[in-house]
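First comes the structure, then the notes that go with it.
The values are calculated or read from the model by the stated rules, or taken from the named source; none is laboratory data. Remember, predicted model here, so these are calculated numbers, not experimental data. Glycine gets a Cβ as well: all are built from the backbone with ideal geometry, and neighbour counts include every protein chain shown.
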Amino acid sequence: MHNPIVLLTDFGTRDAFVGIMKGVIARINPTARMIDLNHNIPPGDIRRAALTLWQAADFFPKGSIFLSVIDPGVGTPRRAIIADNGTYRFVGPDNGSFSYVMNEDAAAWELANPQYRLPTPGTTFHGRDIFSPAAAHASLGVSSPSFGPAVPDPVRLPPPRLEITPEGSIHGEILHADHFGNLLTSLGQFMHTADGQLQITPWMSTSPKQNINPAQYRVHLPDGRALPWAKTFGEIPAGACAAVIGSAGLIEIAANRHSAADLLDLHGGEIVTIKSLKT
């Protein structure tokens, strides 16, 4: 059984672009399994693509091939690559989209072999001409080094802001609002412990885990307001917001049946802090 191809783009679904990419894949590998991850990444938002891959990849079968085309630099000298992190392969532009799924052992190769692309590729639709053919051939078992020379320096985005101060405060940022208006933050990955603590793992780093007491800490907004904790959306009073641990383990600022982004007028990049009520 061939490894699935998982598609991520900023193309939307009003035009034929996604369907054309699937058609190219099907011509090369008629038995390809294709899964749509998301085609509504904000246009050109490379970090949103990188975060989406980080959030989703581990829920797919080992060997899955992620075809990610968020490519504001299409047609420019930016490289086209296939990357391998030992569990999954990633096909797309070398613009940082794969930053958060590339571990220390990951490797990348340039998509330079004309055997694995469409003839005479254009300059505006590399999703069709270069990336889809590469993903299709990869799904048929073509090895990553067969596509071209090794890329020793793939582009990497800086990690989202996360700073833990000596006194125990945690500074992060709003990453983005999801479809429901929940605001995802970079404050770390959290889980509830059996003794009622919150265990934080500083994501995308090797820093040690630590626990905080939710009765003594709050999430503070840029204007100084402190939000309570909630385990479910339904616990949050109408018209109010709270901090919840979302499905990815990240702290989310959420409202109950309302958009926290609208209620608080917060946007990506704004600073949020977890700190003790005593400070």
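Report whether or not His179 is in a loop (DSSP other than H, G, I, E, B), more than 23 Å from Pro159 (Cβ to Cβ), of a type outside the set (A, V, I, L, M) and touching a Cys at 6+ places or on another chain (Cβ under 9 Å). No: the conditions fail for His179.
Which of the residues belonging to segment 241-261 are of a type in the set (D, E, K, R) and over 22 Å from Arg47 (Cβ atoms)? Lay out the reasoning, then the answer.
So the first thing to find is which residues in segment 241-261 are of a type in the set (D, E, K, R), and the list is 252, 257.
The one that is of a type in the set (D, E, K, R) and over 22 Å from Arg47 (Cβ atoms): Arg257.
When Asp58, Asp45 are screened for being out of contact with any helix residue (DSSP H, G or I) (no Cβ under 8 Å at 6 or more places or on another chain), acidic (Asp, Glu) and exposed (fewer than 14 other Cβ atoms within 10 Å of the Cβ), only Asp58 passes.
Residue count for segment 88-123 under the criterion of being crowded, with 20+ Cβ neighbours inside 10 Å, in contact with a Gly (Cβ under 7 Å, 6 or more places away or on another chain) and not aromatic (Phe, Trp, Tyr): the result is 3. Being modelled with pLDDT of 95 or more and either more than 22 Å from Gly96 (Cβ to Cβ) or surrounded by 13 or more Cβ atoms within 10 Å (Cβ to Cβ) (or both) is a description that applies to Gly127.
Here Ala80 passes the criteria (1) under 15 Å from the mean Cα position of the chain (by Cα); (2) more than 19 Å from Arg33 (Cα to Cα) except the one numbered (1). Residue selection: Ser169 satisfies the criterion of being closer than 21 Å to Leu277 by Cβ, surrounded by 13 or more Cβ atoms within 10 Å (Cβ to Cβ), in contact with a strand residue (DSSP E or B) (Cβ under 7 Å, 6 or more places away or on another chain) and not assigned by TED's automatic domain parsing to the domain that holds Ala50.
Search segment 81-97 for residues that are closer than 15 Å to Arg47 by Cβ and in contact (Cβ under 8 Å) with a residue 12 or more places away in the chain and pair each with any residue that is of a type in the set (Ser, Thr, Tyr) and in a strand (DSSP E or B) when their beta-carbon atoms are under 9 Å apart and the residues are at least 6 apart or on different chains. Between residues of segment 81-97 that are closer than 15 Å to Arg47 by Cβ and in contact (Cβ under 8 Å) with a residue 12 or more places away in the chain and residues that are of a type in the set (Ser, Thr, Tyr) and in a strand (DSSP E or B), the close pairs are Gly92/Ser68; Pro93/Ser68; Ser97/Ser68. Considering segment 32-75, and only residues there that are acidic (Asp, Glu) and not in a loop (DSSP other than H, G, I, E, B), the residue that is farthest from the chain's Cα centre (by Cα) turns out to be Asp36. Assess whether Leu157 counts as being part of a loop (DSSP other than H, G, I, E, B), in contact (Cβ under 8 Å) with a residue 40 or more places away in the chain and over 25 Å from the mean Cα position of the chain (by Cα). No; evaluated as a whole, the condition is false for this residue. Checking Glu173, Glu270, Glu167, Glu252 one by one, the residue that is touching a Lys or Arg at 6+ places or on another chain (Cβ under 9 Å) and within 24 Å of Asn38 (Cβ to Cβ) is Glu173 and no other. Would it be correct to say that Pro145 is out of contact with any helix residue (DSSP H, G or I) (no Cβ under 6 Å at 6 or more places or on another chain) and in a loop (DSSP other than H, G, I, E, B)? No, not satisfied.
Can you work out which of the residues in segment 210-237 that are touching a Lys or Arg at 6+ places or on another chain (Cβ under 8 Å) and without any contact (Cβ under 8 Å) to a residue 40 or more places away in the chain is surrounded by the most Cβ atoms within 10 Å (Cβ to Cβ)?
Going residue by residue through segment 210-237, those that are touching a Lys or Arg at 6+ places or on another chain (Cβ under 8 Å) are 216-218, 220, 226-229, 233.
Still in the list and also without any contact (Cβ under 8 Å) to a residue 40 or more places away in the chain: 227-229, 233.
Numbers: Leu227: 22, Pro228: 14, Trp229: 18, Phe233: 16.
My answer is Leu227.
Is it the case, given these coordinates, that Ala243 is at pLDDT 95 or above, of a type outside the set (Ser, Thr, Tyr) and under 21 Å from Leu175 (Cα atoms)?
On the way: at pLDDT 95 or above: yes; of a type outside the set (Ser, Thr, Tyr): yes; under 21 Å from Leu175 (Cα atoms): yes.
It is true that Ala243 is at pLDDT 95 or above, of a type outside the set (Ser, Thr, Tyr) and under 21 Å from Leu175 (Cα atoms).
Tell me, which residue of segment 173-209 that is small (Gly, Ala, Ser) and farther than 25 Å from Asn40 by Cβ is surrounded by the fewest Cβ atoms within 10 Å (Cβ to Cβ)?
This residue is Ala194.
Each row is one residue, and each column tells you yes or no for (1) closer than 26 Å to Trp54 by Cα; (2) in a strand (DSSP E or B).
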position	(1), (2)
Gly224	no, no
Gly234	no, no
Pro237	no, no
Val244	yes, yes
Glu252	yes, yes
Leu263	no, no
His267	yes, no
Ile274	yes, yes
Lys278	no, no
